[in-house]
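K.L.:
Please read through the structure below; I'll follow up with questions.
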């Protein structure tokens, strides 16, 4: 009886976090859509890049220290691995059908930051010849904790909660990544010079929001007129303590 209850409770837990949910966003034709482009830029004194010791599986992972990616800047001070989004879009263009995947390669998660559609299959891959463990946290709470002992192993999951998932490996503590689970496709992860682009935006007024793991969140209001192309740079100012 106790064993059956535990199995049933585990099933409910998985259904809560890893199965599709009803989506509020509606895919529809966008007439005279607008576009947003720009860069996320860092101003101020650049901090030293954080690093962590390599403490296990050194034959594969290397020795010494691994540089962390909590704040990566281009030569032009563009901020990589930031996510720019328009909040308040109820309907519009369809999601991209690109495969959603996070890889464990060279004892690092690749990519470091990515977007994932709520309710759609997301693949976790181990490309290393060592045992990994992928542990996801949403607001500090575990939503998945999966062992991957085999090279080439793929595990599909479906993420049913929007938000920013922190991903860690319990076996290699320097490994960290972020999965930004979204409910609509009006998001952009910054490129190699901090650039972003969001297109086919329904005309209207929205909150333009940028998130970066080390610098936090910035927001501003933006109005998109029919057919308008706006260029807006978003600037993080370094704080002096």
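K.L.:
Using alpha-carbon pairs under 8 Å, 6+ residues apart, how would you state the relative contact order of the stretch 37-100 in percent? If you can, show how the numbers build up before the last one.
P.N.:
Numbers: 47 pairs, mean separation 19.5, N = 64.
Rounded, it is 30 percent for the stretch 37-100.
K.L.:
Suppose a student asked you for the relative contact order of the stretch 2-237, using Cα pairs under 8 Å spaced at least 6 residues apart; what percent would you report?
P.N.:
For the stretch 2-237, the relative contact order is 31 percent.
K.L.:
At 0.36 nm per residue, and after removing the present C-alpha to C-alpha distance, how many nm does the segment from residue 137 to residue 30 gain when stretched out fully? Spell out each step's value before the answer.
P.N.:
Values: separation 107, 0.36 × 107 = 38.52 nm, distance 3.50 nm.
Stretched fully, the residue 137-residue 30 segment lengthens by 35.0 nm.
K.L.:
Which of 56, 75, 96 has the fewest other C-beta atoms within 10 Å, and how do the rest follow up to the most? Intermediate values should be presented prior to the final figure.
P.N.:
Working: 56 15, 75 7, 96 10.
Lowest count first: 75, 96, 56.
K.L.:
Turning to a different aspect of this structure: Per Stokes-Einstein, at 20 °C and 1.002 mPa s, what whole-number D in µm² s⁻¹ belongs to the stretch 81-136, with the Kirkwood radius over Cα pairs as the hydrodynamic radius?
P.N.:
Working: Rh = 13.6 Å.
The calculation lands on 158 µm²/s.
K.L.:
To continue, here is another question. Note the listed values (i) 28, 20, 18; (ii) 25, 24, 16; (iii) 32, 26, 15, then indicate which one is semi-axes √(5λ) of the Cα gyration tensor in Å calculated from this particular structure.
P.N.:
Correct label, based on the coordinates given: (iii).
K.L.:
Quickly estimate the mean residue ellipticity at 222 nm for the chain, helices only: each DSSP H run with n ≥ 4 gives -39500 (n - 2.57), and the total goes over all residues, rounded to 500.
P.N.:
On the way: 2 runs with 21 residues, N = 241.
Mean residue ellipticity, 222 nm, calculated: -2500 deg cm²/dmol.
K.L.:
Test of understanding: what is the full-extension gain from residue 238 to residue 153, defined as 0.36 nm times their sequence separation minus their Cα-Cα distance?
P.N.:
Working: separation 85, 0.36 × 85 = 30.60 nm, distance 4.12 nm.
Fully extending the segment from residue 238 to residue 153 adds 26.5 nm.
K.L.:
Another question about this same structure. What whole-number distance in Å separates the alpha-carbon centres of the stretch 52-105 and the stretch 114-182?
P.N.:
When both Cα centres are located, 12 Å separates them.
K.L.:
In nm, give the distance between the simple-model label positions of residue 60 and residue 87, each being 7 Å from the Cα along the Cα-to-Cβ direction.
P.N.:
Label-label distance for residue 60 and residue 87, simple model: 4.0 nm.
K.L.:
Related question: May I have the convex hull volume per residue, in Å³, for the Cα set of the stretch 19-139? Spell out each step's value before the answer.
P.N.:
On the way: hull volume 21.6 nm³, N = 121.
Given the Cα convex hull of the stretch 19-139, per-residue volume reads 178 Å³.
K.L.:
Within the stretch 95-113, find all residues whose amide N lies under 17 Å from a label point positioned 7 Å from the Cα of residue 127 along Cα-to-beta-carbon.
P.N.:
99-113
Read-outs throughout are calculated quantities, based only on the coordinates presented, and are distinct from any laboratory measurement. As the structure is a computational prediction, the values presented were derived from the model and not from experiment. Every residue, glycine among them, receives a Cβ derived from its backbone with ideal geometry; neighbour counts consider all protein chains shown.
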